[in-house]
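What follows is one structure encoded as structure tokens, with my remarks underneath.
The values are calculated or read from the model by the stated rules, or taken from the named source; none is laboratory data. None of these values were measured; they are calculated from a predicted model. FYI the Cβ positions are ideal-geometry reconstructions off the backbone, even for glycines, and counts take in every protein chain you see. Ligands, DNA and RNA are excluded from the accessible area calculation, which covers all protein heavy atoms including side chains. Shrake-Rupley method; radii C 1.70, N 1.55, O 1.52, S 1.80 Å.
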Amino acid sequence: MLDFAKQYENDIKKIVLTNNYRSIQPILDVSKTLINRNEERLIKQIPGLSKELLAANTSINQLQHAPEIWEYNTMADEMAGIVFKIEALMGQGVQPGRIAIIYKENKYGEELSDYLRQKAIPFYSKRSTNLLQSPFIRKIITLLYYLEAEHDISFGGDELLFEILHFDFYKNPPLEIAKINVEVNQKRFKGESTSLRQLLSEKANAPAKDLFDEGLNASLKRSSMVIEQLIADVPNLTIQQLIDNIIRNGGVLTYVMNSPFKVELMQSLSAFYDFIKEEHRRKPAMNLASLVQLLQLMEHEKIPLPLVKTTGNDKGVNLLTSHGSKGLEFEYVFLAGANASFWEKKRKMNRGYKLPATIFSSQSGSSDEEELRRVFM
């Protein structure tokens, strides 16, 4: 904005909006005393500008309830105190949807939600998560890594296969997995060339030795058949079709539909599938190797695959970060964790890189402290 103002200095008309319809004058005055500490403001950078906000909504021109300040010894005490006060408000007939709790980071809201659950208080939260860190999606990604490793070098993914066989998609008894893994190690110790995949497949297809031979565990046999089919699909299907087969035939969809958390899991699965579909649309020639390379690059460079997760319903107590609360209004508001150690202990998210101070001319005077002050406002 500063660059724009300087570039068109002689051609623009500057209009400062000073009428505020959301707050009463005492709140505007207190906010002014805080934000005036910031030097990187347009009114301090462009001559002739002034911003004295005036409360223009006559229906709320009186301060009916003065803010109350409560001090607690620990964060746990604060969370418990907030929950008890919300419980008291609800006892007076206040609807939970009229109450909001605002904090700095999602981590605070996640811990606070446990306290609300213990009191059976409904709540509603929206938070952005990294889909690539979801344990459920990590299993699908691990399966993709295994298929790529086996397609690249035969029996090259045995370590991943041992982990995959334990996935709850397949319901394999851990003891049965341990037995066949021990047998692989014993054969290798004797100098025989074998692998977990090879022995698993041999046992799955071996005829019964006699009437009393039960053969390989039934679930391990099914797992072997599924995995062998998926390996065969790699060179014959598009990446989107391969993902379809993993979801439908690899036990993923059945697992999701039988899970008590199926709504959350389906939301994550749909978001990951949409990501694959979009990448395939942009690169029709994309194969499994290039997809794996992309996922590994995103993990290495800490590039998230964002997913906004919603918890509860919008009639519950609203759990909001200071960023997420912008533009919203509530009748009862709790500003939690409003102490310096909580707000300033992590002044800036570590992105793994740092922009040169001169990349933007307007950045030369910026500070993390000023940004934190804007967020707190």
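Counting just the residues of region 285-317 that are over 27 Å from residue 127 (Cβ atoms) and polar (S, T, N, Q), which one comes out least open to solvent (accessible area, probe 1.4 Å)?
The qualifying residue least open to solvent (accessible area, probe 1.4 Å) is 290.
If you check residue 238 against the conditions, is it surrounded by fewer than 16 Cβ atoms within 10 Å (Cβ to Cβ), of a type in the set (Val, Ile, Thr) and within 25 Å of the chain's Cα centre (by Cα)?
no
Select from region 153-176 the residues that are part of a helix (DSSP H, G or I), of a type outside the set (A, V, I, L, M, F, W, C) and within 23 Å of residue 272 (Cβ to Cβ) and list them in ascending order.
163
Starting from region 67-92, take each residue that is assigned to a helix (DSSP H, G or I) and list its partners that are of a type in the set (Gly, Ala, Ser), counting only C-beta distances under 9 angstrom and pairs at least six apart or across chains.
75/336; 75/337; 78/336; 78/337; 79/336; 82/336
Answer with yes or no whether residue 146 is open to solvent by less than 10 Å² (accessible area, probe 1.4 Å) and either over 23 Å from residue 335 (Cβ atoms) or in contact with a Cys (Cβ under 9 Å, 6 or more places away or on another chain) (or both).
yes
With the requirement that a residue be assigned to a helix (DSSP H, G or I) and open to solvent by less than 40 Å² (accessible area, probe 1.4 Å), what does region 255-284 give you?
256, 265, 268, 269, 271, 272, 275, 276, 279, 280, listed by residue number.
Only one of 333, 292, 308 is β-branched (Val, Ile, Thr), over 22 Å from the mean Cα position of the chain (by Cα) and modelled with pLDDT of 80 or more. Can you tell me which?
It is 333.
Can you give me the number of residues within region 98-131 that are touching a Phe, Trp or Tyr at 6+ places or on another chain (Cβ under 9 Å) and either buried (at least 17 other Cβ atoms within 10 Å of the Cβ) or of a type in the set (Lys, Arg) (or both)?
Qualifying residue count, region 98-131: 16.
Would you check which residues across region 43-65 are farther than 30 Å from residue 4 by Cβ, open to solvent by less than 70 Å² (accessible area, probe 1.4 Å) and either at pLDDT below 80 or touching a helix residue (DSSP H, G or I) at 6+ places or on another chain (Cβ under 6 Å) (or both) and list them?
60
For region 116-152, name all the residues that are closer than 19 Å to residue 308 by Cβ and part of a loop (DSSP other than H, G, I, E, B).
The one that is closer than 19 Å to residue 308 by Cβ and part of a loop (DSSP other than H, G, I, E, B): 134.
List the number of the failed condition for residue 15; all other conditions in (1) open to solvent by less than 90 Å² (accessible area, probe 1.4 Å); (2) β-branched (Val, Ile, Thr); (3) assigned to a loop (DSSP other than H, G, I, E, B) hold.
Answer for residue 15: the failing condition is (1).
Quick check on region 168-183. Is at least one of its residues among the polar types (S, T, N, Q), surrounded by 14 or more Cβ atoms within 10 Å (Cβ to Cβ) and modelled with pLDDT under 90?
no
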